[in-house]
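*Asks:* This is the structure, below, for whatever I ask next.
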Amino acid sequence: MALNLFEDKGCPLDRQRFTWKELVQPPISKLDDDAFTRVRVILMNGIEIEAIRFSHGCARMNR
């Protein structure tokens, strides 16, 4: 099933679950946070990117 941007209009504002303020978290500070926090953020970003690449590859190989 493909995404057709001309036919899919999205979800109305009154039915959306989250606002932008709820989705966006405050950024970490290089000076105030410890190194372990920065390493966790970098590793989690890599895991998320790899999951996206893996699912994209599976979708291309399996119809």
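*Asks:* List, in order, the whole-Hz ³J(HN,Hα) value for each residue of region 50-61 obtained from phi through the Karplus relation with A = 6.51, B = -1.76, C = 1.60 and θ = phi - 60°; use x for Gly and Pro.
*Replies:* Karplus-based 3J(HN,Hα) across region 50-61 equals 5, 5, 5, 5, 5, 5, 5, x, 5, 5, 6, 8 Hz.
*Asks:* Suppose the Debye formula is applied to equal point scatterers at every Cα of the chain; what is log10 I(q)/I(0) at q = 0.13, 0.25, 0.26, 0.29 Å⁻¹?
*Replies:* -0.70, -1.05, -1.06, -1.11
*Asks:* To continue, here is another question. Place a point 7 Å from the Cα of Glu7 along the Cα-to-Cβ direction; which residues of region 33-63 have their backbone N under 11 Å from it?
*Replies:* none
Taken together, the values in this text are just the output of simple stated rules run on the coordinates, not laboratory data. No experiment lies behind these values; they were computed from the predicted model shown. When we count neighbours, we look across all protein chains shown, and the Cβ atoms used for this are built from the backbone with ideal geometry, even at glycine.
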